[in-house]
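Structure record follows, encoded as structure tokens.
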Amino acid sequence: MHYNIHNNMIKALDSFGKYLLLMYRVFARPERFRRYFVQYVREMFQLGFKSIAIVLLISVFIGAVITIQIKLNIESPWMPKWTVGYVTREILILEFSSSIMCLILAGKVGSNIASELGTMRVTQQIDALEIMGVNSASYLILPKIAALITVIPALVIFSFSAGVFGAYCVSWFTDTIVTSHLQLGMQYWFQEWYVWCAIIKSVFFAFIISSVSAYFGYTVEGGSIAVGKASTNAVVSCSALILFADLILTKILMG
Amino acid sequence: MIEVKGLYKSFEDKEVLKNIDATFEAGKTNLIIGQSGSGKTVLMKCIVGLLVPTAGELLYDGRNFLKMSKKERKLLRREMGMIFQSAALFDSMTVLENVMFPLRMFSDSSEKEMYRQALKCLDRVNLSDAGQKMPDEISGGMQKRVAIARAISLNPQYLFCDEPNSGLDPKTSLIIDRLIQDITKEYNITTIINTHDMNSVMAIGEQIIFVHEGTKGWEGTNKEIMKSNCQPLNDFVFASDLFKKVREVATEDIK
Ligand SMILES: Nc1ncnc2c1ncn2[C@@H]1O[C@H](COP(=O)(O)OP(=O)(O)O)[C@@H](O)[C@H]1O
Ligand SMILES: [Mg+2]
């Protein structure tokens, strides 16, 4: 038992060291800036634009459900009428749109990155780049990191807007809550800093998703089974790291 | 000319290559032959620098590959082309973009000139009308030819082919072999080919290194190979009934 824990810790440290070495190669100065830019735009489309639908879908529904839950479970006659709107807004901006959304994106985007790079590794496409003298780590991974850091904060704001829209849908189409009460809550004691907190957190999460899943994909050895395993490991590790980072960042940002 | 001197390669405790000495001349098709698992791919990967040898020296026209600075090595890489066992085409790009890729990464010519050069290379491998296809839309033989076109797009001095006709039928194999040989002569390239295919050996084996269990078992030309008295080599060459028959007929002729 002890031996096992000890072994796993060494393995984890070993992986962390390899991750740092990979990142050192990734952040080398690009030689052909134009080629990197083309890749950057492509990745923004591939990883960001194609995630809009799922973000929209999930956010609208969660926004609506949170509103209903708060209304049914928390509100009582002696609570102010802005409660439902206020609580819904704070949950969306502070946790759902910034952290939970990134967990969902870790599943979608992280597995995509890991399996794409893993497949390139096992079909020798990465070797082909290296032979040509291309820094394959930088050429393949840097545009992905840059693209996600650009796109994910935008998706977080988009998710927040979609969640608020979902909440309003509840007031428009059901008689759970009156629109004016919801609106009062949504506008009550709004703090701009919370939006910045969400954006700052999401930048960190974007870096975790892109770099960690790229590490798992880039270092695949073997065949298609290894690619599948890398993709699973990438999602699990990204999720755990996002939760951990969320805890620390929330403590730092919110005092 | 590439010279390999006293090359050793081990993985952890497993010694894969033992004291390999070889000289590969320019303008000739140099073959590395041997059974599956004998260490051909490892030897080639050591020569091109995808693996670091445990000991030994590598000279590219007198330039010491293992003692070079990173920058010198990068420049030397632009003189190398490689064709992988799996073709290793970039599957997100069209055939033409694949051939243009090294040019876009490394040449300073205009887009129009690169386009012309890429078309010239595609034409050289008789694929001028497949430029707009994706790699997974063409046959295995065509993929190999695209890989050849990509490898020669920067006019390399050194060409490496790892089992260029694995998975191809005998006729297509012969076309690929001849193509590689013609290109070698045309541009006076130092070409090294890994193969276990006796048809290729007889067709284009101008200089042959036989690797047996990680050591150099024999060295010579395709004219000498039938007459050698090296036992492991004979076991390899006459493994197929066809070649046994050829030997019987040949010895009867002498009587
Ligand atoms: N990365 C590696 N780690 C450990 N052993 C390896 C590695 N690559 C190859 N080998 C071993 O080296 C030997 C030679 O392999 P290889 O060069 O691929 O043979 P082939 O002649 O068929 O190309 C095999 O026994 C293989 O298991
Ligand atoms: Mg091999």
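Just a few scattered comments:
- Qualifying residue in the range B:124-134 (condition: more than 13 Å from every other protein chain (Cβ to nearest Cβ), within 16 Å of B:THR184 (Cβ to Cβ) and modelled with pLDDT under 95): yes
- Within the range A:99-112, one or more residues are assigned to a helix (DSSP H, G or I), over 29 Å from B:SER92 (Cα atoms), in contact with a Phe, Trp or Tyr (Cβ under 9 Å, 6 or more places away or on another chain) and not aromatic (Phe, Trp, Tyr).
- The set of residues in the range B:119-134 being within 21 Å of the chain's Cα centre (by Cα) and open to solvent by less than 80 Å² (accessible area, probe 1.4 Å) consists of B:CYS121, B:LEU122, B:ARG124, B:VAL125, B:LEU127.
- Residue match in the range B:24-34 (condition: free of Cβ contacts under 8 Å to residues at least 12 places away in the same chain and within 8 Å of ligand 1 (Cβ to nearest atom)): no
- When the test is whether a residue is in contact with a helix residue (DSSP H, G or I) (Cβ under 6 Å, 6 or more places away or on another chain) and modelled with pLDDT under 95, A:GLY133 passes it.
- Scanning the range B:82-95 for residues that are surrounded by 21 or more Cβ atoms within 10 Å (Cβ to Cβ) and either facing another protein chain (nearest Cβ under 8 Å) or over 14 Å from the mean Cα position of the chain (by Cα) (or both) returns B:MET82, B:PHE84, B:ALA88, B:LEU89, B:VAL95.
- When the residues of the range B:182-202 are filtered to those that are away from ligand 1 (no atom under 16 Å from the Cβ) and open to solvent by 30 Å² or more (accessible area, probe 1.4 Å), the one that is farthest from the other protein chains (Cβ to nearest Cβ) is B:MET202.
- Checking A:GLU43 against (1) of a type outside the set (A, V, I, L, M); (2) at pLDDT 95 or above; (3) outside any helix (DSSP H, G or I), the condition it does not meet: (3)
- If you go through the range A:108-151 and keep only what is crowded, with 24+ Cβ neighbours inside 10 Å and among the charged types (D, E, K, R), you end up with just A:LYS144.
- Of the strands (runs of 3 or more DSSP E) that lie entirely inside the range B:1-57, those containing 2 or more residues that are among the acidic types (Asp, Glu) span B:14-24.
- Subset of the range B:8-23 (residues that are surrounded by 14 or more Cβ atoms within 10 Å (Cβ to Cβ), closer than 24 Å to B:ASP61 by Cα and touching a residue at least 24 places away in the same chain (Cβ under 8 Å)): B:TYR8, B:LYS9, B:LEU17, B:LYS18, B:ILE20, B:ASP21, B:ALA22
- Cβ separations smaller than 7 Å between residues 6+ apart or across chains give the following pairs from the range A:106-132 residues that are hydroxyl-bearing (Ser, Thr, Tyr) to residues that are surrounded by 21 or more Cβ atoms within 10 Å (Cβ to Cβ): A:SER111/A:SER231; A:SER111/A:ALA234; A:SER111/A:VAL235; A:SER115/A:GLY217; A:SER115/A:VAL227; A:SER115/A:SER231; A:THR119/A:VAL227; A:THR123/B:ALA88.
- In a residue-by-residue description of the range B:62-72, the property of being surrounded by 15 or more Cβ atoms within 10 Å (Cβ to Cβ), in a loop (DSSP other than H, G, I, E, B) and in contact (Cβ under 8 Å) with a residue 24 or more places away in the chain applies to no position.
- Scanning the range B:9-23 for residues that are within 8 Å of ligand 1 (Cβ to nearest atom) and either under 14 Å from B:VAL211 (Cα atoms) or of a type in the set (A, V, I, L, M, F, W, C) (or both) returns B:PHE11, B:VAL16.
- Some residue of the range B:197-206 being of a type outside the set (D, E, K, R), touching a residue at least 12 places away in the same chain (Cβ under 8 Å), under 24 Å from B:ASN19 (Cβ atoms) and part of a helix (DSSP H, G or I): yes
- Any hit, the range B:41-54, residues being within 12 Å of ligand 1 (Cβ to nearest atom), away from chain A (no Cβ under 14 Å) and open to solvent by less than 70 Å² (accessible area, probe 1.4 Å): yes
- A:LEU92 buried (at least 20 other Cβ atoms within 10 Å of the Cβ), in a helix (DSSP H, G or I) and within 14 Å of chain B (Cβ to nearest Cβ): no
- Of the residues examined, B:GLU3 is one that is away from chain A (no Cβ under 11 Å), touching a residue at least 24 places away in the same chain (Cβ under 8 Å) and under 20 Å from the mean Cα position of the chain (by Cα).
- When the range B:148-196 is filtered for residues that are outside any loop (DSSP other than H, G, I, E, B) and of a type in the set (S, T, N, Q), the ones remaining, listed by number, are B:THR172, B:SER173, B:GLN181, B:THR184, B:THR190, B:THR191, B:ASN194, B:THR195.
- Among residues of the range B:153-176, those that are within 16 Å of ligand 1 (Cβ to nearest atom) and within 14 Å of another protein chain (Cβ to nearest Cβ), counted: 7
- Subset of the range B:86-107 (residues that are closer than 12 Å to B:ALA151 by Cβ and of a type in the set (Gly, Ala, Ser)): B:ALA87, B:ALA88
The values are calculated or read from the model by the stated rules, or taken from the named source; none is laboratory data. Worth saying up front: this structure is predicted, and the values here are computed from it rather than measured. Here the Cβ is made from the backbone with ideal geometry for all residues, glycine too, and neighbour counts use every protein chain on show. Only protein heavy atoms, including side chains, enter the accessible area calculation; ligands, DNA and RNA are left aside. Shrake-Rupley method; radii C 1.70, N 1.55, O 1.52, S 1.80 Å.
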